[in-house]
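The values are calculated or read from the model by the stated rules, or taken from the named source; none is laboratory data. Small disclaimer: the values here were computed from a predicted structure and weren't measured. Cβ placement follows ideal geometry from the backbone for every residue including glycine, while neighbour counts extend to all protein chains displayed. All accessible areas refer to the heavy atoms of the entire protein, side chains included, with ligands and DNA or RNA removed. Shrake-Rupley method; radii C 1.70, N 1.55, O 1.52, S 1.80 Å.
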Amino acid sequence: MSTDETGHGGAQTPQSAGNPGTPGQELLQLITPAGERISHPEFDFWVRDITDEQLCSLFEDMTVIRRIDVEATALQRQGELALWPPLLGQEAAQIGSGRSLRADDFVFSSYRENGVAYCRGVDLTDLLRVWRGNASGGWDPYTINMATPQIIIGAQTLHATGYAMGIQNDGADAAAVTYFGDGATSEGDVNEAMVFAASFQVPVVFFCTNNHWAISEPVRLQSHIQLADRATGFGIPSLRVDGNDVLAVMAATRLALDRARRGGGPTFIEAVSYRMGPHTTADDPTRYRDANELEDWAAKDPISRLAGLLDRKGLLSPELQKQVKDKADAVAAEMRRGCTTMPDPQPMDIFKHVYSTPNSWLERQQDHYARYLASFGDPAGAVSEEGAR
């Protein structure tokens with residue numbers, strides 16, 4: 001069993017996960033860092049249907065989103081994006097959970113869950129619009145059942161809980177899933193969301209990716225207990241899972257979703273992972289992070305881990321590796337084209353999507369702004385055909 005830096009390791013059963021829990025939960029793991037499959041009498045059940053073909057697909061997914069991340073970081077360094085929040089090292093947490101969702105589940109994420117967005121089928125160009133400064137939101141949430149990324153730390157947990165209350169009122173068996181980092185657990189919004197979720201027993205999964213760093217603040221200073229144990233105070237069952245183990249993450253997420261669909265209320269998942277890159281491309285982690293710590297976690301890399309399992313099973317063929325690389329390169333090239341050919345927004349576009357329907361108050365502002373722009377001698381560019389429509 002692998003351990004995190006606080007020295008906790010092992011595995012938690014569904015039975016203990018179904019109750020508020022006890023302090024010092026053990027870490028659920030199904031694949032070791034060396035790629036060895038660990039049999040678990042309770043959690044094997046939740047991934048019993050995963051075939052060799054699906055394991056290869058998970059390997060491709062993780063490789064593709066890492067390639068997306070590398071390409072987006074390069075685009076930022078080349079001046080094509082204003083900012084980018086890397087997910088390097090957290091691929092298993094995002095793919096394992098994202099591939100566990102149904103189409104009618106609804107996702108409320110932070111700004112780092114680009115891998116989950118990939119699983120939901122987001123257009124690659126839409127993934128970059130906000131970071132290029134071309135739009136205030138990347139996509140229509142209802143087309144993929146995923147809200148646009150939340151920049152305000154932890155606010156999305158309130159949205160998810162409210163949406164889950166709506167699911168409950170509708171009598172549906174869908175679930176809401178909200179993603180946030182270890183730093184967000186210190187925010188009032190997250191705690192308030194868990195109060196409401198527990199009080200009304202709504203179908204929401206709180207997925208906390210503990211990547212050990214809230215920008216430059218280490219998790220050991222934010223919490224002197226495991227983050228999963230914080231949920232106990234709200235009466236919310238919790239699971240603590242190896243976030244670099246895609247099968248363990250999938251098992252935990254499936255269990256939590258099953259509980260939500262059966263009317264069992266919320267679940268808190270702490271996926272213990274590591275942020276291998278900077279907080280964003282504006283950050284320099286070498287100023288506050290020990291290089292030895294980075295090296296230790298590199299040995300637990302989620303993609304290498306699954307590759308090790310595939311190799312043990314005789315599945316990591318040169319053909320598979322080429323197929324996966326070609327897919328990753330093609331996705332990255334498509335995303336780059338979408339970014340560099342993205343049309344610049346027009347000045348009057350600022351009035352779009354403010355309200356669902358036009359109104360005199362907004363139209364008056366639009367008229368004033370159009371005449372202001374026209375005063376610079378560019379009436380054609382100032383007067384938009386669409387305006388606020």
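By the rule of a C-alpha distance below 15 Å, with chain neighbours fewer than 8 residues away ignored, the aspartates and glutamates paired with residue 300 are 4, 5, 36, 91, 242, 245. In this structure the amide hydrogen of residue 146, modeled in the peptide plane, comes within under 5 Å of the amide hydrogens of 107, none closer than 5 places in sequence on its chain.
Distance from the Cα centroid of region 239-311 to that of region 49-118 is 12 Å (rounded to whole angstrom). The distance linking region 324-366 with region 153-207 is 29 Å (Cα centroid to Cα centroid, whole angstrom).
Simple point charges give the picture: +1 on the Cβ of Lys and Arg, -1 on the Cβ of Asp and Glu, and for region 90-138 a dipole about the Cα centre of about 100 debye. Within the straight-line cut-off of under 15 Å between alpha carbons, the aspartates and glutamates reachable from residue 352 are 140, 344, 363, 367, 385, 386, sequence neighbours fewer than 8 places apart in one chain being disregarded.
Counting only C-alpha contacts under 8 Å and six or more residues apart, can you give the relative contact order of region 111-234 as a whole percent?
Values: 143 pairs, mean separation 25.4, N = 124.
Value for region 111-234: 20 percent.
When the chain is described by a simple charge dipole with +1 on each Lys and Arg Cβ and -1 on each Asp and Glu Cβ, the residue from 260, 310, 96 located farthest towards its positive end is 260.
Treat every Asp and Glu Cβ in the chain as -1 and every Lys and Arg Cβ as +1, leave all other atoms uncharged, and give the resulting dipole magnitude about the Cα centre to the nearest 20 debye.
Values: 34 positive and 52 negative charges, 36 e Å.
Approximately 180 debye in magnitude.
Farthest toward the positive end of the dipole of the chain, out of 81, 243, 198, is the Cα of 198, where the dipole comes from beta carbon charges about the Cα centre. With the cut-off at under 15 Å, measuring from each backbone N in region 163-183 to a point 7 Å along the Cα-to-Cβ line of residue 261 picks out 172-177.
Using helices alone, I'd like the mean residue ellipticity at 222 nm for the chain: each DSSP H run of four-plus residues gives -39500 (n - 2.57), total over residue count, nearest 500.
Numbers: 16 runs with 167 residues, N = 389.
That comes out to -13000 deg cm²/dmol.
Can you give me the distance in nm between label points at residue 355 and residue 337, each placed 7 Å from the Cα along the Cα-to-Cβ direction? According to this spin-label approximation, the distance is 4.1 nm.
The shape of region 119-269 can be summarised by an equivalent ellipsoid whose semi-axes, obtained from the alpha carbon gyration tensor, come to 23, 21, 15 Å from longest to shortest. For the pair residue 37 and residue 134 in one chain, pulling the backbone fully straight at 0.36 nm per residue adds 30.4 nm over the alpha carbon distance.
Can you give me the relative contact order of the chain as a percent, contacts being Cα pairs under 8 Å and 6 or more apart?
Values: 721 pairs, mean separation 87.8, N = 389.
23 percent.
One decimal place: the segment residue 293-residue 54 gains 82.8 nm when fully extended, by the rule 0.36 nm per residue minus the C-alpha distance. Remark: spin-label model distance residue 369-residue 325 equals 4.8 nm, labels positioned 7 Å along the Cα→Cβ axis.
How would you rank 333-340, 350-357, 239-246, highest first, on the average number of other Cβ atoms within 10 Å across their residues? Let's see the in-between values first.
Working: 333-340: 16.2, 350-357: 12.8, 239-246: 31.0.
So the peptides 333-340, 350-357, 239-246, ranked by packing, come out 239-246, 333-340, 350-357.
Helix 360-374 and the long axis of the chain differ in direction by around 70°, with both axes built from C-alpha atoms. Between helix 52-77 and the chain there is an angle of about 40 degrees, using the helix long axis and the longest principal axis of the Cα atoms. Counting only protein heavy atoms and using a 1.4 Å probe, the accessible area of residue 139 comes to about 30 Å².
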